[in-house]
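Report on the structure given below.
The values are calculated or read from the model by the stated rules, or taken from the named source; none is laboratory data. Predicted model only: the values in this text are computed from it and were never measured. Every residue, glycine among them, receives a Cβ derived from its backbone with ideal geometry; neighbour counts consider all protein chains shown.
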Amino acid sequence: MAGRDLQARERAAVADVVASTLRHDLRNKLASIRNASFYLMRQVKKTDLWSADPRVETFFQLIEKELTSAEEVLSKRAPPPSGGTRPRCDAREGVERALAEAQLPPSVEVVRDLKARGGVPLEVEDLALLVRCLVDNALEAMPRGGTLTVHTRDTDGGVCLRVEDTGEGLAPEAYSRALEPFFTTRPHHAGLGLSIVHRTAVRHGWQLDLGAAPSGGTYVEILFAGLEAGGPVRNDVTRGSK
């Protein structure tokens, strides 16, 4: 049952990233159409056609009206949850659930360093999804095996989660794009895992740190601060030297 719930949340998170990317692209296209329409209207106003045929102005007004309507549709968001107590879950439970669902090959050693005692402001299924995205990304970086390390610890600001691999790491130029939807350095991979984590961190105002690990691989670290969604956002991406 827990596995099906995690898969459902994963599908929803992927759909959210895809929808957000499409909204962004469509807004850019609508802006181009509006600019083109405005230019054409200015040129037509210089001709006799503007005054000779009142339908011309009506059509330009219709274009503007439909563009505005389309932008309003793209800007709609699901209403935030109202009232009630914010969820909190045990960090260890979320990590263990994610590792239980992950396809861990025998060639990968898993090191658990789970010291956090504080709660994470998420449903346990949502935390498991974030950890699963990070674990899957780390496993993809170690096709020939290696060590996957998952740390949790308490800090003054909240609970810190760190997932680290001993893979080949990222090229310096890849760090600036690693959190973008669909960006991947590996063939036949969707490139959505880190984007899902990034969007969730931004939505909740959590600090996200991505960089080169001492082992030569990559680490991703999230500070789950007890902030309300939409609070101040810190999104630090550390570009590794590898």
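Worth pointing out:
- Scanning the range 116-168 for residues that are over 21 Å from the mean Cα position of the chain (by Cα) and either among the basic types (Lys, Arg) or part of a helix (DSSP H, G or I) (or both) gives ARG117, ARG144, ARG153.
- In the range 156-180, the residues that are modelled with pLDDT of 85 or more and of a type in the set (A, V, I, L, M): VAL159, LEU161, VAL163
- All conditions in (1) modelled with pLDDT of 85 or more; (2) loosely packed, with under 14 Cβ neighbours inside 10 Å hold for ILE63, with the sole exception of (2).
- Residue list for the range 199-226, restricted to those being within 19 Å of THR166 (Cα to Cα), out of contact with any Cys (no Cβ under 8 Å at 6 or more places or on another chain) and touching a residue at least 60 places away in the same chain (Cβ under 8 Å): SER215, GLY217, THR218, VAL220
Yes/no matrix, rows are residues, columns are (1) surrounded by fewer than 16 Cβ atoms within 10 Å (Cβ to Cβ); (2) modelled with pLDDT of 90 or more; (3) out of contact with any Phe, Trp or Tyr (no Cβ under 6 Å at 6 or more places or on another chain):
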position: GLN103; (1), (2), (3): yes, no, yes
position: ALA116; (1), (2), (3): no, yes, yes
position: VAL124; (1), (2), (3): no, no, yes
position: VAL131; (1), (2), (3): no, yes, yes
position: ASP154; (1), (2), (3): yes, yes, yes
